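The values are calculated or read from the model by the stated rules, or taken from the named source; none is laboratory data. Worth saying up front: this structure is predicted, and the values here are computed from it rather than measured. Note that each Cβ is placed from the backbone with ideal geometry, even for glycine, and that neighbours are counted across all protein chains shown.
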Amino acid sequence: MIKVLIVDDESKLVEAFIMQLTKEGMKVSGAFSAGEALTLLKKEVFDVAVVDIRLPDMDGVNLLLKIKQTEPGLEVIMLTGFASVDTAIRSMKLGAYDYLTKPCKISELAAIITKAFEKKSLADSNLVLKEHLMRVAVHDNFIGESKAMKKVKELISIVAPSNTPVLIQGETGTGKEVAARAIHDQSPRAANPFVAVNSSALQEAIFESELFGYKKGAFTGAQSDKLGLLDIANNGTLFVDEIGDMGLTIQAKLLRVLETGTFMKLGDTKETKVDVRFIFATNKDLKEEIGEKKFRNDLFFRINTFVITMPPLRDKKEDIPLLADYFLGKFSGGVKKRLSRRAFETFMSYDWPGNVRELVNIIERSVLISGKRTEIVSEDFLDSLFKDVRPETVPVNPVQSAGATSLSSMEDEHIRSVLASVGGNKSEAARLLGISRKKLYSRIKKDR
C-alpha cells in the first residue's frame, strides 16, 4: 500500500484528495501547513508527499529542501497554479519528482503518485542490494572427498530444500560458513540474498542495531532509517556465526523472529515481518552454555532441529592434497606451483589446530615467499606456525646459480620477493614473513 502525505492549506481540497486516493487503495494523511507536515514526517514513514508551493508558514520549495535533507528517499510531487509553473520547474531541479497544476484530476494525480512510488521502490531495492553486496564475502568451493566430508555433503543435500533452521557445529576454521553457503546455494532461495554476521564481532548494542535495524531518531546519531540484516536477508538466508557468544537479550528477540517471523526495529512502533531461512554456527558446546546460564534453553531447542558437525582437518587428511592444490592455484596466479615431497609430508603430518583457515593462510604466505619458483619447499614455512620444520635445499635457477646459496642469502631473496609483492609495504611484508617490523628493517639495512 502506498503511503501518501498531502500538504495544502485548502482543507476541502485535502479532504477530497484523501477520500479519492483512499478509494484508489492508498493510505493518505493530510497536513495544512509545512510545520504540521514536518511533524508528521517525524512520526510516520511515507512513500510520496504531494506539496503545494504556496503554504501559510513556509514556501513549498523550502519545505521540499527540508524534506530532502531528512527523508532523501521520499518522492515529492509539487502542486502549483499556472502563475508558479517556473517555480515548480525549479523545484524539480532541487529534487521534486514532478509537478501538477491546480486544479488537477484525481486520476492524473494517482497515476503520478504510483510512478513516484515505483521509482522509490526501485531505489530501495538498489539500496538493499548495495548493502547486501557490501556484506557478503566471496566463498570458495566446498572442497573435500573424504568420508567425513561426503557425510556433510549428504546432510546438506537433505536439509537444503527445506526451511528448517540448521545448526552447524565445529572448531574454528573448519568451514562452517562455507557449509552454510552450500546449503543456501542448493535451496530454493539461492537467487536471493545470503547474509552472514558474526555474533562475537560486535558489541551487543551495535549487534542489535545491525541485526534488527532502526528508525530515524531511535538514539543519538540515528539520523535516518537503517535496514537491518533481517531486512536484507528477506526471502533469503541469514547465517549467524558464533551464536554461542550472543547476549541473552538478543537471544530472546531472535527466538521471537524464529517463532513468528516478526520483529521490532529499534525506535519503531510497529512490527516488521520477514521470510528468512536461518543457519547458525558455533564452536562451543551449547549444552554447557545452557548449564552456565549463558544460553537460552528454549532457543537451543528451536535451533537444534537439524545439526551438521564439520570435521577438523586432522580427521580428514585425505582432503589435504585437494585443498592444497586448489589454494596453490588460487594464490599463484598464472604460475603453476606445487608442494615439494618434504613440504607435502609436513602438511600430512601436521596437526592443523587452525584447520582449513590455517592451511589457507600458510599456503598464501608460502606462495609469496617462494617468488617465481614453481615448487613450495619446507623452508618457505620458516617462522610460520610449523615450528619443527627442517629446511630443505631450495631449487636454484641456473641463471642465479653463480650467486650465494647460503641460508642468509636465500632469506634475503625471500624478503626482497615479499616486499616486491606487496609494493614495498613493510608492515604487510613483516606480517607475511612472520617477523617484527624492527627485524625486517634490520635485514633490509644489512642487505644494503
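Quick look at the values:
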read-out	value
Val51 assigned to a helix (DSSP H, G or I) and crowded, with 19+ Cβ neighbours inside 10 Å	no
Selection from segment 145-182 of residues that are of a type in the set (A, V, I, L, M) and either part of a helix (DSSP H, G or I) or without any contact (Cβ under 8 Å) to a residue 12 or more places away in the chain (or both)	Ala148, Met149, Val152, Leu155, Ile156, Ile158, Val159, Val178, Ala179, Ala180, Ala182
Of all residues in segment 199-258 being among the hydroxyl-bearing types (Ser, Thr, Tyr), part of a loop (DSSP other than H, G, I, E, B) and exposed (fewer than 14 other Cβ atoms within 10 Å of the Cβ), the one that is modelled with the highest pLDDT	Ser200
Residue, modelled with the highest pLDDT, within segment 259-277, restricted to residues that are farther than 24 Å from Glu177 by Cβ and hydrophobic (A, V, I, L, M, F, W, C)	Met264
Pro193 being in contact with a helix residue (DSSP H, G or I) (Cβ under 7 Å, 6 or more places away or on another chain) and either surrounded by fewer than 16 Cβ atoms within 10 Å (Cβ to Cβ) or over 21 Å from Lys253 (Cα atoms) (or both)	yes
For Arg302: the one exception among (1) part of a helix (DSSP H, G or I); (2) touching a residue at least 60 places away in the same chain (Cβ under 8 Å); (3) of a type outside the set (A, V, I, L, M); (4) more than 25 Å from Val257 (Cβ to Cβ)	(4)
Among (1) closer than 30 Å to Glu171 by Cα; (2) modelled with pLDDT under 85; (3) surrounded by 12 or more Cβ atoms within 10 Å (Cβ to Cβ), the one test that Leu419 misses	(1)
Neighbours by Cβ (under 7 Å, 6+ apart or cross-chain): first from segment 31-49, free of Cβ contacts under 8 Å to residues at least 40 places away in the same chain; second crowded, with 16+ Cβ neighbours inside 10 Å and hydroxyl-bearing (Ser, Thr, Tyr)	Leu40/Ser29
Ala160 surrounded by fewer than 21 Cβ atoms within 10 Å (Cβ to Cβ) and not aromatic (Phe, Trp, Tyr)	yes
Test: residue in segment 253-262 that is in contact (Cβ under 8 Å) with a residue 24 or more places away in the chain and in contact with a helix residue (DSSP H, G or I) (Cβ under 6 Å, 6 or more places away or on another chain)	yes
Residue list for segment 202-221, filter: within 22 Å of Val276 (Cα to Cα) and in contact (Cβ under 8 Å) with a residue 24 or more places away in the chain	Glu204, Phe207, Glu208, Ser209, Leu211, Phe212, Gly213, Tyr214, Lys215
Hits in segment 330-359 - residues which are of a type in the set (A, V, I, L, M), at pLDDT below 90 and within 25 Å of Thr172 (Cα to Cα)	Ala343
Any hit, segment 269-289, residues being buried (at least 17 other Cβ atoms within 10 Å of the Cβ), part of a helix (DSSP H, G or I) and in the same structural domain as Ala205 (by TED's automatic domain parsing)	yes
Long-range neighbours under 6 Å by Cβ, at least six apart or interchain, first residue in contact (Cβ under 8 Å) with a residue 24 or more places away in the chain within segment 345-368, second surrounded by 22 or more Cβ atoms within 10 Å (Cβ to Cβ) and of a type in the set (Gly, Ala, Ser)	Thr346/Ser378; Val356/Gly175
